[in-house]
1. In whole angstrom, note down how far apart the Cα centers of region A:174-240 and region A:28-68 are.
2. Mind pulling up the Rg/Rh value for chain A? Radius of gyration and Kirkwood radius, both on Cα.
3. For region A:247-332, state which trypsin sites (Lys or Arg not before Pro) are in a DSSP loop and have at most 12 other beta carbons lying within 10 Å of their beta carbon.
4. Using only alpha carbons, build the gyration tensor for region B:64-278 and give me the equivalent ellipsoid semi-axes, biggest first, whole Å.
5. Suppose a student asked you for the relative contact order of chain A, using Cα pairs under 8 Å spaced at least 6 residues apart; what percent would you report?
6. In terms of solvent-accessible area of protein heavy atoms at a 1.4 angstrom probe, what is the ranking of B:W274, B:W135, highest value first?
7. Counting only protein heavy atoms and using a 1.4 Å probe, what share of the accessible area of region A:283-365 belongs to carbon plus sulfur, as a whole percent?
8. So what does log10 I(q)/I(0) come out to for region A:109-155 at q = 0.18 Å⁻¹, using the Debye formula with one equal point on every Cα and no solvent?
Amino acid sequence: MAEYAVELRNVWKRFPGPGGEVVTAVKNVSLQIYDGEFFALLGPSGCGKTTSLRMIAGFELPSEGEIFIHGRPMGKTPPYQRPVNTVFQSYALFPHMTIGENVAFGLQMKGVDKKEIARRVAEALEMVRLSGYEKRKPKQLSGGQQQRVALARALVNRPEVLLLDEPLGALDLKLRKEMQLELKRLQREVGITFIFVTHDQEEALTMSDRIAVMEGGVALQVGTANDIYEHPNCRFVADFIGETNFLDGTVAEVDTDKARIDLPGGVSLWAHTPQRVAVGQAVTVTVRPEKMHIRPNATDVNQVTGYVTDIVYIGTDTHYGVVLSGGQTIRVREQNYSAESRLLAREGEAVCVRFSIEAARVLTE
Amino acid sequence: MSAKKRSPWLTLVSILVYFFLYAPIIVLIVFSFNASRTNVVFEGVVNQGPCGPFYWYCELFRNRSVMDATRNTLIIAFTSTVVSTIIGTMAALALQRYDFFGKKVSETALYFPIVTPEIVMGIGILVFFSAVFGWINTALALAPNQRLTMGLGTVIVSHIAFSIPFVTLVVRARLHGFDDRLEEAAMDLGANEFTTFRKVTLPLIAPGVLAGAMLAFTLSLDDFIITFFTTGPGATTLPIYVYGLLRRIVTPELNALSTIWVLVVLIVVAISQWFQRRE
């Protein structure tokens, strides 16, 4: 059954380290990537995301576990026999060949006839808006153009899966934003499964259908952008994706899917509990800054008091730093609805910060 | 932008350096047209026989020993260049790519012959071949006409041996900073290991390989010491022949030979420069 475009089943990767010790880059990762999906592997550098991608491409072989592409186990299949193509971070365009020759390379290797190659190369270059660049050499092109050539060179082969290793990492911010949309457009156009490696959480949220957050060789959480942002399953994911507040405390009272948490300094709040917790357990509560309010709101059950320590106005929002009675500092983000938005508090002023039970989420790990 | 004021001494020293480098070569070329049989004084341009001023050049081409020595030298140089370039390039790629037990040691051991005095290498190779050949000859009880002896074969083998480190050194310099991703990209696009090497790796390191081959060729062409120790009857090379002549009379024939030699080297260097510029 080939219900997944790519499946990693209990994959491990160990490398010999520089001092002879064993470095485990990927630890028991299992992933299922659907056909036609835009999937991101997201994490800080050294989290194992690139190693995972390289194992799918066949540049590295798993130490344990198996990788399936459309249901076929890859085993020791070399890269040139896998139905995938890769876009490298450094583009890896062949410097001694023209753009046309670069794009034609994969088709030549497959033994496609000359006329067909010429037609498909022209088509691929048109798709990335580089028609007429066939005769140029890679170094005559800008970074963004080289990036698009690398995409055309991979997509012209009509792979079952396209692997992208931080393909936008070397571009400047403006170009990166453009290419994000361009990639999204291309993926919809060709309908090929894209697996995308990035350390940029915003990029992952913008582009992907689903995201796997990796840390220390482990896939911590897999889900849609919304899942991962709103329902992080651990402290690392909550912290890595977007901005958040962490409040450490102990469970004082447990209801069906919520619990009362006592914080140091005599503050207590109600929070949503996705996992079962027990009274007396030490836990962390995460609340996103935009879900906390200084503005009065009757529906918000939780109320904590503190003093404003700093105020940062950034146009769309105003950020308030608030220190609670227990010494914890939290950040509150209030949106500036109207042009006449006034400050809701002044530095040093005592305020009451409110948030709903659903906005507060208990993390056990 | 105004040129920085240079000390006139710098100019003088530069001129002197170039003078000492090139004066002997110019004198050598001029004397190849000498009317005198000796290389002591220039007695005017020779004009003798059908070749006129190129009398000594014609004499040279009529000289059997010179022609034999030239043939030997070229056979040795071509064979050792081709073999050492292949082995040296493979060694460079292996050292670049793989981590293996004893890599540091094998790398140092590879470059050691470059700094070892050639005379030591020469004696070593001589002793080695004598011992091995002696042992084989006795063990197989070969008849006198079947015995393994020093000759073209031993010279070629020793030239290959001393050229390999130089080729490896030059090719490794080119490999430094080589983007491994390029090879991965080729494989990713469906090229197997051999095609990847042929279509991507080799074209990219070609200038280094060519430079290594040129170095090996010129090293072999003018090697005297190691050749002297490993040569045998019928395997006289040009440097050995010239050394033999020096003990007798040095005629302008020798100058003519040297002039041709200089021209050949110039052409080879020009070709390699052209290749590198095209890159």
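1. About 14 Å separates the Cα centre of region A:174-240 from the one of region A:28-68.
2. Result: Rg/Rh = 1.07.
3. A:R276
4. 35, 24, 15
5. Rounded, it is 15 percent for chain A.
6. Working: B:W274 150, B:W135 180 Å².
From most exposed to least exposed: B:W135, B:W274.
7. Of the solvent-accessible surface of region A:283-365, carbon and sulfur hold 50 percent.
8. -0.54
The values are calculated or read from the model by the stated rules, or taken from the named source; none is laboratory data. These numbers come from a predicted model, not from an experiment. A quick note on method: Cβ atoms are made from the backbone with ideal geometry, for glycine too, and the neighbour counts reach across all protein chains shown. Surface accessibility is based on the protein's heavy atoms, side chains included, excluding ligands, DNA and RNA. Shrake-Rupley method; radii C 1.70, N 1.55, O 1.52, S 1.80 Å.
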